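Following: one structure in structure tokens, then a few remarks.
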Amino acid sequence: MSLTVVNGLPVHVLIVHVVVVFVPLSSLAVVVGAIWPSAARRMGVVLPLLALVTLASVPLATEAGEWLEGRVDSNALVRKHTELGDGLLPWAAALFVLATAIWWTTRRSAAAESRPGRSRAAGSRSSLALRIVAAVLCAGVAAGAVVEVYRIGDSGARAAWHDSFSQSSKPHQETND
């Protein structure tokens, strides 16, 4: 059984709001965690859990969108939106993988630093280089994910609203109840 309609609205128009909020939020959290390990330590397991919710919301929105696609007039705008929507899952998966990697490595490095006799200078140059590479990778994936959400949302809004409103105000019609 799949959810299709909630309170008269197609569930797709509700779920996409989760995607629109969580993809940028996960993206920001991943970049911050990659740049500042202390922030990643403070986020703890919330970082990969946030990315997991993000990842789970994408196929839910896609599935609900496919259901809705079969119930609206097909046109080039709807087809473009559908095509773009199918491309978000790899970005969300990459965010989840990076969030999990940041959480795991931050957790391990915090445990290693707390061991007695551990020199902080040992491996600091390679650690810094690795953090820079990770931060650049995270920034690239985060930017790609956010841009993809924007493109998908823009195409969906165009598909939903084309020819549905007037540039000029229409007179208000009163109804007698």
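The values are calculated or read from the model by the stated rules, or taken from the named source; none is laboratory data. Because the structure is predicted, anything quoted here is derived from the model rather than measured. Backbone-built Cβ (ideal geometry, glycine too); neighbour counts: all protein chains shown. These accessible areas exclude ligands, DNA and RNA; they are computed on the full protein's heavy atoms, side chains included. Shrake-Rupley method; radii C 1.70, N 1.55, O 1.52, S 1.80 Å.
A few remarks follow.
- Any hit, region 134-145, residues being β-branched (Val, Ile, Thr) and either in contact (Cβ under 8 Å) with a residue 24 or more places away in the chain or touching a Ser or Thr at 6+ places or on another chain (Cβ under 9 Å) (or both): yes
- Taking each residue of region 147-159 that is within 11 Å of Gly87 (Cα to Cα) and looking for partners that are buried (at least 19 other Cβ atoms within 10 Å of the Cβ) with beta-carbon atoms closer than 7 Å, six or more apart or interchain, yields Glu148/Leu88; Glu148/Trp91; Val149/Val19; Val149/Val23; Val149/Leu88; Ile152/His81; Ile152/Gly85; Ile152/Leu88.
- Every pair of residues 6+ apart whose Cβ atoms lie under 7 Å, when the first sits in region 80-92 and is open to solvent by 40 Å² or more (accessible area, probe 1.4 Å) while the second is assigned to a helix (DSSP H, G or I) and among the charged types (D, E, K, R): Trp91/Glu148
- Per the listing Val13, Val20, the residue uniquely part of a helix (DSSP H, G or I), of a type outside the set (Phe, Trp, Tyr), within 18 Å of Gly144 (Cα to Cα) and within 21 Å of the chain's Cα centre (by Cα) is Val20.
- Test result for Leu47, surrounded by 15 or more Cβ atoms within 10 Å (Cβ to Cβ), modelled with pLDDT of 95 or more and touching a Gly at 6+ places or on another chain (Cβ under 7 Å): yes
- Any hit, region 129-139, residues being in a loop (DSSP other than H, G, I, E, B) and basic (Lys, Arg): no
- Among the residues making up region 61-79, those that are among the hydrophobic types (A, V, I, L, M, F, W, C), surrounded by 14 or more Cβ atoms within 10 Å (Cβ to Cβ) and over 19 Å from Val146 (Cβ atoms) are Ala64, Trp67, Leu68, Leu77, Val78.
- Test for Ser27: is it more than 18 Å from His162 (Cα to Cα) and either of a type in the set (Asp, Glu) or open to solvent by 40 Å² or more (accessible area, probe 1.4 Å) (or both): no
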